[in-house]
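Visitor: Below you'll find the structure I mean.
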Amino acid sequence: MENIVASLIIVGIKILVLLAIVLGLGAYLTLVERKVAAHIQRRPGPMVVGWHGLLQPLADGLKLLTKEDLFPRYGNKFLYNLAIVMALVPASLVFAVVPFGPEFEVFGIRVKPILTDVNVGLLLFFALGSLAVYAIALAGWASNSKYALIGSMRKAGIVISYEVVITFAAMGPIILAQSLSTYSIVQNQIDQKLWYIWLQPVAFVVYMFAMLAETGRVPFDVQEAEAELVTGFTVEYGGMKFGLFPLVEWYVETLSLSAIGVILFLGGWSPINIPFVGFFDPLFFLGPLSPFVWFLLKVGLVFLFVLWLHWTLPRYRIDQITSTAWKVMLPLTFVNLVFTALIAPLVWK
C-alpha cells in the first residue's frame, strides 16, 4: 500500500512539474525569441516592462486575457473551442514520454525523470503530434471564414506531408536502438558509446527541416502568410484564444520536437561523445546534476538554432514546400533506411 501511495505521489509531482515547465517556459520562450530576433537584426528588443523586458510575457498575457472574446456569427461554437483543446492538450502530453535524465534515488525510491516510460513512447509521440491536423482543420472550418478555411487547408497539407517525412527520419535511430522507448534509445546510445547523429547525419538534417515545417517556422510558414491570408486559420480567434495557437505551435511543439531530436540523435542526457570510444564530460563538477544540465543545454541549443533559421531564411512558396517533402526529403529518408539496415548489425555488436 505504501509503495502505491509513494508511486502516486511521485506521478503527481511529475505532472505538476511538467505542466509548470511546459506552460511557464512556453510563455517565456516568447521573450527569448524576441531577444534573439532583436540581436540578429541589431536592435534591443523588449526593454520597458521589467529589467531588460523580463516581465514582458506577463504583460502580454494580461493584455490577451483582458481582450474581448469575439466569436464569428455563423461559426460552430463547439468545434471552435474544441480546436483550442485539440491543439493544446496533445502538444503538452507529448512531454510525458520525454526523459530529462537518468534514473536516480530519493529516500530509497528509484525515480525515472519521465512521466511514463512506455515501450512504444515514440509511437505515442507521433500519434499525439498528428492530432495537430485535427485542431487546424477544426479551427478553419468552425470559424466559417474563407480565409480561415484556406489557411487551415494549406497548413494541414504541410503538416501531413512533413509528418510522414519526420516519421521516416526517426526510423534510422529506432533501428539502431532496436526500441521505441525514448528512455531505451538514449540508454542504448550510452551503452554503444555512440550518438546516432554520427551515423544518421542525413536523417538529422531531414528531421530538422521537417520540424520547421511542423511548427510553422520559416521557411515553411506560408500557411499564415499575413499578406494573403491575414493570420491563416486563426484569423477569427481573438484574445487568449488567439494567443494559445502560436504558443502551442511556435514554442511548446518546437520544444517537444527539439527534445525528441536530442533523444534520437544527440544522446539525450549523455555528455560530449567520441564515436565508439566514449564520452567526455566537461561538467563533471556538477556531479549527479550533470546529465540533466546536458539534456537541457542540448534542447536549448537546438531551439536557438531553430530561431536562428527562422530569422535568417526567406519564405518558400506552398508548392515548393510540399514538393520538397514528397520529392526530396522522403526519398532521402528511404535511402537512409537502406544505409541503416546495412550498418545496423555492426552497431549491435
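Visitor: State whether the residues of the stretch 122-140 include one that is at positive phi and touching a Pro at 6+ places or on another chain (Cβ under 9 Å). Walk me through how you get there before you give the answer.
Guide: Quick first cut of the stretch 122-140, residues at positive phi only: none.
The answer is no, given that none of the residues of the stretch 122-140 is at positive phi and touching a Pro at 6+ places or on another chain (Cβ under 9 Å).
Visitor: Let me ask something else about it. Tell me the residue from GLY278, GLY267 that is more than 21 Å from LEU25 (Cα to Cα) and over 23 Å from the mean Cα position of the chain (by Cα), please.
Guide: Values: GLY267 fails: over 23 Å from the mean Cα position of the chain (by Cα).
Exactly one of GLY278, GLY267 is more than 21 Å from LEU25 (Cα to Cα) and over 23 Å from the mean Cα position of the chain (by Cα), namely GLY278.
Visitor: So, one more: Look through VAL159, VAL120, VAL106 and report the one residue that is under 22 Å from SER256 (Cα atoms) and either modelled with pLDDT under 85 or open to solvent by 40 Å² or more (accessible area, probe 1.4 Å) (or both). Let's see the steps before the verdict.
Guide: On the way: VAL159 fails: either modelled with pLDDT under 85 or open to solvent by 40 Å² or more (accessible area, probe 1.4 Å) (or both); VAL106 fails: under 22 Å from SER256 (Cα atoms).
Being under 22 Å from SER256 (Cα atoms) and either modelled with pLDDT under 85 or open to solvent by 40 Å² or more (accessible area, probe 1.4 Å) (or both) holds for just one of VAL159, VAL120, VAL106, which is VAL120.
Visitor: Same structure, new question: Scan the stretch 50-103 for residues that are of a type in the set (Asp, Glu) and loosely packed, with under 14 Cβ neighbours inside 10 Å and jot them down.
Guide: At the first step, the residues of the stretch 50-103 found to be of a type in the set (Asp, Glu) are 60, 68-69, 103.
Across the stretch 50-103, the qualifying residues are GLU68, ASP69, GLU103.
Visitor: Which helices (runs of 4 or more DSSP H) does the stretch 217-336 wholly contain that include 3 or more residues that are open to solvent by 60 Å² or more (accessible area, probe 1.4 Å) and modelled with pLDDT of 85 or more?
Guide: Numbers: elements: 226-229, 239-246, 253-265, 290-310, 318-323.
Because the criterion is at least 3 residues that are open to solvent by 60 Å² or more (accessible area, probe 1.4 Å) and modelled with pLDDT of 85 or more, the helices (runs of 4 or more DSSP H) in the stretch 217-336 that meet it are 290-310.
Visitor: Hey, another quick one. Report every pair of residues separated by at least 6 positions or lying on different chains whose Cβ atoms are under 8 Å apart, first residue within the stretch 166-191 and touching a residue at least 40 places away in the same chain (Cβ under 8 Å) and buried (at least 20 other Cβ atoms within 10 Å of the Cβ), second of a type in the set (Lys, Arg) and not in a helix (DSSP H, G or I).
Guide: Qualifying pairs under 8 Å: TYR183/LYS112.
Visitor: Please verify whether the stretch 124-137 includes one or more residues that are more than 21 Å from TYR162 (Cβ to Cβ), open to solvent by 50 Å² or more (accessible area, probe 1.4 Å) and either at pLDDT 85 or above or out of contact with any helix residue (DSSP H, G or I) (no Cβ under 8 Å at 6 or more places or on another chain) (or both). So that I can check it myself, show each step before the final result.
Guide: Filtering the stretch 124-137 down to residues more than 21 Å from TYR162 (Cβ to Cβ) leaves none.
No, every residue in the stretch 124-137 fails to be more than 21 Å from TYR162 (Cβ to Cβ), open to solvent by 50 Å² or more (accessible area, probe 1.4 Å) and either at pLDDT 85 or above or out of contact with any helix residue (DSSP H, G or I) (no Cβ under 8 Å at 6 or more places or on another chain) (or both).
Visitor: Restricting to the stretch 142-175, count the residues that are within 19 Å of PRO246 (Cα to Cα) and not in a helix (DSSP H, G or I).
Guide: 1
The values are calculated or read from the model by the stated rules, or taken from the named source; none is laboratory data. Please read these numbers as outputs of a predicted model, since none were measured by experiment. Note that we place each Cβ from the backbone using ideal geometry, even for glycine, and neighbour counts take in every protein chain shown. Keep in mind that these areas ignore ligands, DNA and RNA; they rest on the heavy atoms of the full protein, side chains included. Shrake-Rupley method; radii C 1.70, N 1.55, O 1.52, S 1.80 Å.
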